[in-house]
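To start, the structure under review is shown below, and the notes come after it.
The values are calculated or read from the model by the stated rules, or taken from the named source; none is laboratory data. Computed from a prediction, not measured in an experiment: that's the story for all the values here. In this analysis, Cβ positions are derived from the backbone assuming ideal geometry, glycine residues included, and neighbour counts consider all displayed protein chains.
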Amino acid sequence: MMRTAALALALFVLAGCGLRPVYGGGGNGAVATTLRSVTVAPIEGQSGWLVRNKLIDRLGESGSGTAAYRLDVKLDDNITSFGLRSDQAATQERRTLRARYQLVDLKNGMVVLDATAGSDAGIDIVSSEYATVAAEQTALENLAGIVADQIAARLALYASRTVGAK
């Protein structure tokens with residue numbers, strides 16, 4: 001009996017704290033609908049192509065011409081070598097992918113969200129050049145997914161605070 005009372009009290013306290021699910025309403029909720037109304041502008045380079053495709057997957061861009069927002073993304077993809085041996089050859093690399101993105105309201109052309117996202121990965125340089133290049137490519141693909149996840153989460157938060165609050 002005491003456990004039931006404690007559980008009921010905990011649920012009552014949590015209900016009063018203002019927490020609510022971001023994707024309340026599922027695929028037809030305000031947040032999901034807003035995310036589908038975001039068109040992702042083309043992004044330069046191979047890393048841009050990867051990030052754009054991952055963003056389209058995560059946002060569920062409808063492509064029906066009903067876009068209310070445009071997402072502009074600029075990427076900085078950088079590989080830095082370090083960990084020098086005695087013969088001055090690098091033993092490791094750090095691949096960094098940073099994104100500055102802006103969400104533009106297409107009704108009035110105003111930037112409603114301006115933020116950054118990014119991640120990095122360590123790469124071991126091995127004797128096989130092919131293996132090193134493959135590791136760099138794999139790192140880029142993984143980083144593109146991480147950056148796209150960060151951007152999609154921030155857009156969902158924006159949508160929940162603006163559209164979802166109405």
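Can you confirm whether region 95-108 contains a residue that is surrounded by 14 or more Cβ atoms within 10 Å (Cβ to Cβ) and either more than 20 Å from the chain's Cα centre (by Cα) or not in a strand (DSSP E or B) (or both)?
no
Is there a residue in region 58-79 that is in contact with a Ser or Thr (Cβ under 7 Å, 6 or more places away or on another chain), of a type in the set (S, T, N, Q), part of a loop (DSSP other than H, G, I, E, B) and under 18 Å from residue 149 (Cα atoms)?
no
Hey, does region 129-136 have a residue that's among the aliphatic types (A, V, I, L, M), within 30 Å of residue 67 (Cα to Cα) and over 13 Å from the mean Cα position of the chain (by Cα)?
For region 129-136, residues among the aliphatic types (A, V, I, L, M), within 30 Å of residue 67 (Cα to Cα) and over 13 Å from the mean Cα position of the chain (by Cα): absent.
Would you check which residues across region 109-128 are surrounded by 13 or more Cβ atoms within 10 Å (Cβ to Cβ) and either within 18 Å of the chain's Cα centre (by Cα) or modelled with pLDDT of 95 or more (or both) and list them?
Applying the first criterion (surrounded by 13 or more Cβ atoms within 10 Å (Cβ to Cβ)) to region 109-128 yields 113, 115-121, 123, 125.
113, 115, 116, 117, 118, 119, 120, 121 - these are the residues of region 109-128 that are surrounded by 13 or more Cβ atoms within 10 Å (Cβ to Cβ) and either within 18 Å of the chain's Cα centre (by Cα) or modelled with pLDDT of 95 or more (or both).
Against the definition (more than 29 Å from residue 160 (Cβ to Cβ), among the hydrophobic types (A, V, I, L, M, F, W, C) and free of Cβ contacts under 8 Å to residues at least 60 places away in the same chain), how does residue 133 come out, yes or no?
For residue 133, the condition - more than 29 Å from residue 160 (Cβ to Cβ), among the hydrophobic types (A, V, I, L, M, F, W, C) and free of Cβ contacts under 8 Å to residues at least 60 places away in the same chain - is met.
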